[in-house]
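Student: Provided herewith is a single structure, encoded as structure tokens, for subsequent inquiry.
The values are calculated or read from the model by the stated rules, or taken from the named source; none is laboratory data. What you are looking at is a predicted structure, and each value in this text was computed from that prediction instead of being measured. Note that each Cβ is placed from the backbone with ideal geometry, even for glycine, and that neighbours are counted across all protein chains shown. These area figures cover heavy atoms from the full protein model, side chains too; ligands, DNA and RNA do not enter into them. Shrake-Rupley method; radii C 1.70, N 1.55, O 1.52, S 1.80 Å.
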Amino acid sequence: MATRRLTRKEQMQQAILYPVDWLEERSGLVGAVKYFLFRKVPGDTNWFQTLGSATLTAFIVQALTGTILAMYYKPDPNSAYDSIQHITNDIWAGWLVRGMHRWGASVFIILMFMHMGRVFLFGAYKYPRELNWIIGVLLLASGLGEGFTGYLLPWDQTAYWATVVGININGTAPFLGPFLAQFLQGGTYINADTLSRFYAIHMLMIPGAIAALIGLHLYLVIRLGVTSPPWSKEAAGTGPLDGETPNGKVGRAGLSRFRRGR
Amino acid sequence: MTEPHDDHPHVPGPSLWPVGFAVGIVVLLVGVIISWWVAGLGGLIALAFAFLWVRDLTAGTPLAHAPEVAPETGGAAAADAPATATIHEDAEERYPRSKFLELSTLGLGGVIGGIVTAPAIGFMVAPAFLKQGQKDHDLGPISDFPEGKYVIATYMADKSQGEVSRRTAFVRYNGQLKGQPSFTIISNHCAHLGCPVQANGPLDEKNTKTFGDVTLIPTVSIAGFGCPCHGGQYNTEGNRIAGPPVRALDRYAFSIRNGRLFIGKPFSVSHVDGAGSSAVIHKWAFSFPGEHVNGLESWLYPIQPPH
Ligand code: HEM
Ligand code: FES
């Protein structure tokens, strides 16, 4: 078979695309990522619909900064406070990473509520997206759990007494409350095991659950598509059909959304 | 006939039953606080409406089921499948081997999973159900406690855990009662949500005594106890006089050995009548802060974990 020699330019293109094609041929991952980034969304999606992705970004920041903090933090009653001081005052950029994690925690929670508010106000929780709302509620509860367990870790007076009060609020829940409180502190009082317990819950259990739930959440977002805003002419059937925007282009998720400059 | 995969949303039709169900749940929850009769009534209402609701939901067109996944047959055979497959299905119905394998895989997997996870989960939740064990702790000779005055005692409940196990108690010697020394030992855990209550009054810190892990700070005279968190106030017997706490301050049992005071197990107190050695203490099982030990609301905490 006679094969044409490739030109220099074609050869260079080949060299760049080769690894991508190699990956695609063996996993189909490139196609999957393209499908995710360039899937169709209604042409009149709104900036408020980026709040979910913003929440996701906040979670990723928490996961990364948290992992780095874990390299220096010591979850032991005798050294936890000192290790936090060490991170803040001695380690290069430690104050920055700690600050990102501490303030980012609030950002994450606030964004979750804003995203939830937009879903509620857009009525985007309705059929067939009820299940995604339920998964969202689980995410919200897990996120608040992260806040509660993380607050103890600096092991200073505020952390300690806020946690005492928090655990005892759990204890006042009817019927199972007393058991829940004793489970949380691993005994009748806060003791040497409480801190490592909270640490394990904070850095392993809940983040794992959140990551898995986000996976399900996004699967449903992709499977069901996102909703149009409630004022959408398109969704009401009085606008251009089939994802055509007024200026005749097809709306897309991902990068191309920014290029449309609406 | 509707297609199995039609485009109609399968939303439940308009129905009032869920409203009745919600009302039933509310009545049940209110009943838990007010009276078991009302709770029972609420439960019945909820059950009845749940039944009607489910009947309503299941009466309409059934939801589309997920399509069955055909079991894989051997590679070569599968290629010229259709004809052979139909013949197979016509053959007499019997309990197929694949069904047996499927069930035994699920069953065995479940058993193995259970054996592996049960101890691990038990290990995690055990503290909620096991007795925690509190050892008596030596607070020194009873002559260190002047009659009628509170001494603030702090000590480590478990030396192997270090400072995190430090507890504080207010100890008052009440003189002799029927030839035995009488003490009032009040816990510093606020009965609202557990913040450390403080003695309301001047301390006599010059005369602080320290031995081992025990520190004893005498007080000059105190008018009761106050909580820094949400302003709960208690009198000198630990009775609540203001603020959000739901009962009196917890107390500790005590014993005297060789003229030394040993602090024992904590217990909860609803209120105290009288004062000093002649006080009548209304004792209850040790409970977490914020939990009612008597009255209607105590029904919300029918069992306490072993402490
Ligand atoms: C870790 C927290 C969360 C992350 C990372 C997250 C992420 C996302 C993303 C990226 C989307 C795509 C559409 C958009 O951005 O608006 C989305 C949609 C959605 N989210 Fe969340 N979410 C979180 C929490 C929640 C919560 C707390 C709720 C509600 C209780 C919720 C309910 C929904 C629903 C119903 C949709 C579908 C909306 C539509 O299709 O228009 N999510 N989520
Ligand atoms: S904890 Fe004492 S008043 Fe709230």
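Student: If we scan the range B:186-195, do we find a residue that is more than 13 Å from ligand 2 (Cβ to nearest atom), more than 14 Å from chain A (Cβ to nearest Cβ) and open to solvent by less than 20 Å² (accessible area, probe 1.4 Å)? Walk me through it before giving the result.
Tutor: Of the range B:186-195, the ones more than 13 Å from ligand 2 (Cβ to nearest atom) are B:186.
Now drop any that are not more than 14 Å from chain A (Cβ to nearest Cβ), which leaves B:186.
From what's left, open to solvent by less than 20 Å² (accessible area, probe 1.4 Å): B:186.
Yes: one or more hits.
Student: Another question, if that's okay. Please go through the range A:127-145 and give me each residue that is more than 9 Å from ligand 1 (Cβ to nearest atom), open to solvent by 60 Å² or more (accessible area, probe 1.4 Å) and within 14 Å of another protein chain (Cβ to nearest Cβ), ordered by number.
Tutor: Within the range A:127-145, just A:127 meets the criteria.
Student: Regarding the range B:231-240, can at least one residue be identified that is in the same structural domain as residue B:283 (by TED's automatic domain parsing), open to solvent by 30 Å² or more (accessible area, probe 1.4 Å) and farther than 16 Å from residue B:279 by Cα?
Tutor: Of the range B:231-240, the ones in the same structural domain as residue B:283 (by TED's automatic domain parsing) are B:231-240.
When the remaining residues are screened for being open to solvent by 30 Å² or more (accessible area, probe 1.4 Å), the result is B:231, B:233, B:235-236, B:240.
Right, trim to farther than 16 Å from residue B:279 by Cα and you get B:231, B:233.
The answer is yes, given that some residue of the range B:231-240 is in the same structural domain as residue B:283 (by TED's automatic domain parsing), open to solvent by 30 Å² or more (accessible area, probe 1.4 Å) and farther than 16 Å from residue B:279 by Cα.
Student: Going through A:45, A:50 one at a time, which residue ends up being surrounded by 11 or more Cβ atoms within 10 Å (Cβ to Cβ), among the polar types (S, T, N, Q), closer than 30 Å to residue A:233 by Cβ and touching a Pro at 6+ places or on another chain (Cβ under 8 Å)?
Tutor: Unique residue meeting the criteria: A:45.
Student: Could you please tell me which pairs satisfy a Cβ distance under 6 Å, a separation of 6+ or placement on different chains, a first residue in the range B:135-150 that is within 19 Å of residue B:251 (Cα to Cα), and a second residue that is basic (Lys, Arg)?
Tutor: B:138/B:260; B:150/B:172
Student: May I pose another question? Can you say whether residue B:136 is modelled with pLDDT under 90 and open to solvent by 40 Å² or more (accessible area, probe 1.4 Å), as far as the supplied structure shows?
Tutor: Details: modelled with pLDDT under 90: no; open to solvent by 40 Å² or more (accessible area, probe 1.4 Å): yes.
It is false that residue B:136 is modelled with pLDDT under 90 and open to solvent by 40 Å² or more (accessible area, probe 1.4 Å).
Student: Any idea which of (1) of a type outside the set (A, V, I, L, M, F, W, C); (2) open to solvent by 20 Å² or more (accessible area, probe 1.4 Å); (3) more than 14 Å from every other protein chain (Cβ to nearest Cβ) is the one residue B:228 doesn't satisfy?
Tutor: (3)
Student: Looking only at the range B:34-82, count every residue that is at pLDDT below 85 and either open to solvent by less than 80 Å² (accessible area, probe 1.4 Å) or of a type outside the set (Val, Ile, Thr) (or both) and tell me the total. Give the steps one after another, and end with the answer.
Tutor: So in the range B:34-82, the residues at pLDDT below 85 come out as B:34-36, B:56-82.
Retained after the next criterion (residues that are either open to solvent by less than 80 Å² (accessible area, probe 1.4 Å) or of a type outside the set (Val, Ile, Thr) (or both)): B:35-36, B:56-57, B:59-60, B:62-68, B:70-72, B:74-82.
Residues in the range B:34-82 being at pLDDT below 85 and either open to solvent by less than 80 Å² (accessible area, probe 1.4 Å) or of a type outside the set (Val, Ile, Thr) (or both): 25 in total.
Student: Another one. Of all the residues that make up the range B:147-170, how many are loosely packed, with under 14 Cβ neighbours inside 10 Å and within 14 Å of chain A (Cβ to nearest Cβ)? Steps first, answer last, please.
Tutor: Quick first cut of the range B:147-170, residues loosely packed, with under 14 Cβ neighbours inside 10 Å only: B:147-148, B:159-160, B:163.
Now drop any that are not within 14 Å of chain A (Cβ to nearest Cβ), which leaves B:159-160, B:163.
The number of residues fulfilling the criteria is 3.
Student: Away from chain A (no Cβ under 14 Å), open to solvent by less than 40 Å² (accessible area, probe 1.4 Å) and more than 28 Å from residue A:163 (Cβ to Cβ): is that true of residue B:174 in this structure?
Tutor: On the way: away from chain A (no Cβ under 14 Å): yes; open to solvent by less than 40 Å² (accessible area, probe 1.4 Å): yes; more than 28 Å from residue A:163 (Cβ to Cβ): yes.
Taking the combined requirement at face value, the residue satisfies it.
Student: Somewhere in the range B:277-296, is a residue surrounded by fewer than 19 Cβ atoms within 10 Å (Cβ to Cβ), touching a Ser or Thr at 6+ places or on another chain (Cβ under 9 Å), within 14 Å of chain A (Cβ to nearest Cβ) and among the aliphatic types (A, V, I, L, M)?
Tutor: Yes: the range B:277-296 contains one or more residues that are surrounded by fewer than 19 Cβ atoms within 10 Å (Cβ to Cβ), touching a Ser or Thr at 6+ places or on another chain (Cβ under 9 Å), within 14 Å of chain A (Cβ to nearest Cβ) and among the aliphatic types (A, V, I, L, M).
Student: Output the residues belonging to the range B:200-225 that are open to solvent by less than 30 Å² (accessible area, probe 1.4 Å) and without any contact (Cβ under 8 Å) to a residue 60 or more places away in the chain.
Tutor: Within the range B:200-225, B:213, B:224, B:225 qualify.
Student: Take residue A:136 and decide whether it is more than 16 Å from ligand 2 (Cβ to nearest atom) and more than 23 Å from residue A:217 (Cα to Cα).
Tutor: Details: more than 16 Å from ligand 2 (Cβ to nearest atom): yes; more than 23 Å from residue A:217 (Cα to Cα): no.
No; evaluated as a whole, the condition is false for this residue.
Student: Would you mind stating whether residue B:265 is open to solvent by 40 Å² or more (accessible area, probe 1.4 Å), more than 30 Å from residue B:30 (Cα to Cα), within 14 Å of another protein chain (Cβ to nearest Cβ) and not in a loop (DSSP other than H, G, I, E, B)?
Tutor: yes
Student: Do you know which residues across the range A:105-126 are in a helix (DSSP H, G or I) and either within 14 Å of chain B (Cβ to nearest Cβ) or crowded, with 20+ Cβ neighbours inside 10 Å (or both)? Before the answer, list the steps.
Tutor: Step one: filter the range A:105-126 for residues in a helix (DSSP H, G or I), giving A:105-121.
A:105, A:108, A:111, A:112, A:115, A:119, listed by residue number.
Student: Just to check your reading of the model, which residue among A:40, A:34, A:74 is of a type in the set (D, E, K, R), away from ligand 2 (no atom under 16 Å from the Cβ) and surrounded by 14 or more Cβ atoms within 10 Å (Cβ to Cβ)? Walk me through it before giving the result.
Tutor: Numbers: A:40 fails: surrounded by 14 or more Cβ atoms within 10 Å (Cβ to Cβ); A:34 fails: surrounded by 14 or more Cβ atoms within 10 Å (Cβ to Cβ).
Step by step, each of A:40, A:34, A:74 is checked, and only A:74 is of a type in the set (D, E, K, R), away from ligand 2 (no atom under 16 Å from the Cβ) and surrounded by 14 or more Cβ atoms within 10 Å (Cβ to Cβ).
Student: Moving on to the next point. Among the residues that make up the range A:190-206, is at least one of them more than 9 Å from chain B (Cβ to nearest Cβ), touching a residue at least 24 places away in the same chain (Cβ under 8 Å) and closer than 22 Å to residue B:195 by Cβ?
Tutor: Yes; the residues of the range A:190-206 include at least one that is more than 9 Å from chain B (Cβ to nearest Cβ), touching a residue at least 24 places away in the same chain (Cβ under 8 Å) and closer than 22 Å to residue B:195 by Cβ.
Student: Would you tally the residues in the range A:185-238 being more than 11 Å from ligand 1 (Cβ to nearest atom), small (Gly, Ala, Ser) and open to solvent by less than 30 Å² (accessible area, probe 1.4 Å)?
Tutor: Qualifying residue count for the region: 4.
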